[in-house]
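The next block holds one structure in the form of structure tokens; read it before the comments.
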């Protein structure tokens, strides 16, 4: 992160996962409203672990970029083996990606071994992943002050929302509303990362009195004075408000379209034991 590409890449990945979950949760509820069960991930008929492999690939790519490709020496260490302060943010970003890599890898392992508690444990891994992401963004070593800090503080609201909904959804797996809003929160998180990259690292979109420069090897946004900072923060808050409304309208539009598309399909009934087995009861034949 810390650049236009560094925000847009992860943002697109989150958007894709959010859209995938939004589609599948809505389709599953529309076709089986009485036996709906929230799933932590969705298998595909021909490529069962496509979603999880995508997360693994995206996480490995992010780790490689942060630790080996972006640093000047192609590693984050100083000649004496210590970690320079200007590379701490690379390790923090890589650690976030590592948690997603761990989640997806163990989700595959749990599905292959198929222990009795695999669904519950997969939900737990998802919760821990989002909690780790929120913690690292909250305690970020990079001085996210001023306008840049405000944008990332708004991002933390979306991460917290996704985390809270993941916890509630794990406790009440029959609630479609929790899964639906959780999917929207993940989608919104990805979209806001893209917004951060575009708004903070495109010079002509900078608010008056603010500019982006390079400090300690990474881009930093600075504003000329207190009035310029407060004005820029207010504009960011207004943009975030419009963004939340837009994501909500988009989610409702997707829901109405998919319900109209799939609600007339044949409704299949499963017993409770089969319905809770997400690996066998739900596959998307795309």
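The values are calculated or read from the model by the stated rules, or taken from the named source; none is laboratory data. What you see is a predicted model; the values in this text were computed from it and never measured. When we count neighbours, we look across all protein chains shown, and the Cβ atoms used for this are built from the backbone with ideal geometry, even at glycine.
So that you can scan it fast, the table gives a plain yes or no per residue for (1) under 13 Å from the mean Cα position of the chain (by Cα); (2) free of Cβ contacts under 8 Å to residues at least 60 places away in the same chain; (3) farther than 24 Å from residue 108 by Cβ; (4) surrounded by fewer than 19 Cβ atoms within 10 Å (Cβ to Cβ):
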| site | (1), (2), (3), (4) |
| --- | --- |
| 130 | yes, yes, no, no |
| 135 | no, yes, yes, yes |
| 153 | no, yes, yes, yes |
| 160 | yes, yes, yes, yes |
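This table checks each residue for (1) closer than 30 Å to residue 195 by Cβ; (2) under 14 Å from the mean Cα position of the chain (by Cα).
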position	(1), (2)
15	yes, yes
23	yes, no
28	yes, no
31	no, no
35	no, no
38	yes, no
42	yes, no
48	no, no
53	yes, no
Residues that are crowded, with 17+ Cβ neighbours inside 10 Å, touching a residue at least 40 places away in the same chain (Cβ under 8 Å), within 30 Å of residue 205 (Cα to Cα) and touching a helix residue (DSSP H, G or I) at 6+ places or on another chain (Cβ under 9 Å): does the range 37-46 have at least one?
no
Mind checking which pairs have a first residue in the range 205-221 that is under 15 Å from residue 140 (Cβ atoms) and a second that is modelled with pLDDT of 85 or more and exposed (fewer than 15 other Cβ atoms within 10 Å of the Cβ), Cβ under 8 Å, 6 or more apart or different chains?
221/211
Only one of 191, 197 is in contact with a helix residue (DSSP H, G or I) (Cβ under 9 Å, 6 or more places away or on another chain), part of a helix (DSSP H, G or I), under 28 Å from residue 108 (Cβ atoms) and touching a residue at least 40 places away in the same chain (Cβ under 8 Å), namely 191
Failed criterion for residue 231 (all others in (1) in a helix (DSSP H, G or I); (2) under 25 Å from the mean Cα position of the chain (by Cα); (3) at pLDDT 80 or above hold)
(2)
Residue 49 - would you say it is farther than 23 Å from residue 128 by Cα, surrounded by 15 or more Cβ atoms within 10 Å (Cβ to Cβ) and at pLDDT 90 or above?
no
Residue under evaluation residue 186, criteria (1) part of a loop (DSSP other than H, G, I, E, B); (2) within 30 Å of residue 252 (Cα to Cα), criterion not met
(1)
